[in-house]
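To start, the structure itself, in structure tokens.
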């Protein structure tokens, strides 16, 4: 894994502070309250979720600086779709609707890489939407299409979203879409984003069902 720069750019330092330092400081306060007896175990679910978010931020940074070659394996479309839901934070899972026009068909692909990349987009879409988000999977010649559709509360700007470390959101490092778009290319696919009326935003990825002709990036 490559080292972070010794003197990181301000946007990197700020993003890491928002995504890691702030939640860890909150956890320190929770632990102090538990030790002092001024809080009870009812705060533990929130503490665990905070730790999970920190873990996801750290994983994003690792993926960004240490891109690994895909490791293909056989998995079904259904496994991919439900893997996306299971990867989401628990409170988001009920807000992801799944529609499978393909289900038992198999892919020969790096399933964990595809699941994580789709889940990052789904999670961001859920956070930005006041209504459920739809993941639809369909079969196309030579592969499969994965579409994530949500209604954003504000206009979506792809250039801003794809810029690494550019997020202003607490608990986020700003790499989800950046790493996902790169991973889709490594899997032989490509990400398209379309914004329609009522701020409906559609992320669509076509993924071939084999990596035989795809070189590692």
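Taking into account only those residues within the range 131-147 that are surrounded by fewer than 22 Cβ atoms within 10 Å (Cβ to Cβ), free of Cβ contacts under 8 Å to residues at least 60 places away in the same chain and touching a strand residue (DSSP E or B) at 6+ places or on another chain (Cβ under 7 Å), which is farthest from residue 209 (Cα to Cα)? Residue satisfying both the conditions and the ranking: 131. Tallying residues that are part of a loop (DSSP other than H, G, I, E, B) and at pLDDT 70 or above within the range 142-163 yields 2. Outside any helix (DSSP H, G or I) and more than 19 Å from residue 49 (Cα to Cα), is that true of residue 71? Yes. Which members of the range 83-93 meet the condition of being surrounded by fewer than 16 Cβ atoms within 10 Å (Cβ to Cβ) and either touching a residue at least 12 places away in the same chain (Cβ under 8 Å) or touching a helix residue (DSSP H, G or I) at 6+ places or on another chain (Cβ under 6 Å) (or both)? Within the range 83-93, 89, 90, 91, 93 qualify.
Considering only the range 99-117, I want to know if a residue exists there that is loosely packed, with under 14 Cβ neighbours inside 10 Å, modelled with pLDDT of 90 or more and touching a strand residue (DSSP E or B) at 6+ places or on another chain (Cβ under 9 Å). Yes. Just so you know, in the range 192-205 the residues that are touching a helix residue (DSSP H, G or I) at 6+ places or on another chain (Cβ under 9 Å) and modelled with pLDDT of 90 or more include one that is surrounded by the fewest Cβ atoms within 10 Å (Cβ to Cβ), and it is 205. Is it true that residue 23 is more than 14 Å from the chain's Cα centre (by Cα), over 21 Å from residue 148 (Cβ atoms) and surrounded by 17 or more Cβ atoms within 10 Å (Cβ to Cβ)? Considered against the rule, which asks whether it is more than 14 Å from the chain's Cα centre (by Cα), over 21 Å from residue 148 (Cβ atoms) and surrounded by 17 or more Cβ atoms within 10 Å (Cβ to Cβ), residue 23 comes out as yes.
The values are calculated or read from the model by the stated rules, or taken from the named source; none is laboratory data. Only a predicted model underlies this, so the values are computations on that prediction, with no experimental measurement involved. Backbone-built Cβ (ideal geometry, glycine too); neighbour counts: all protein chains shown.
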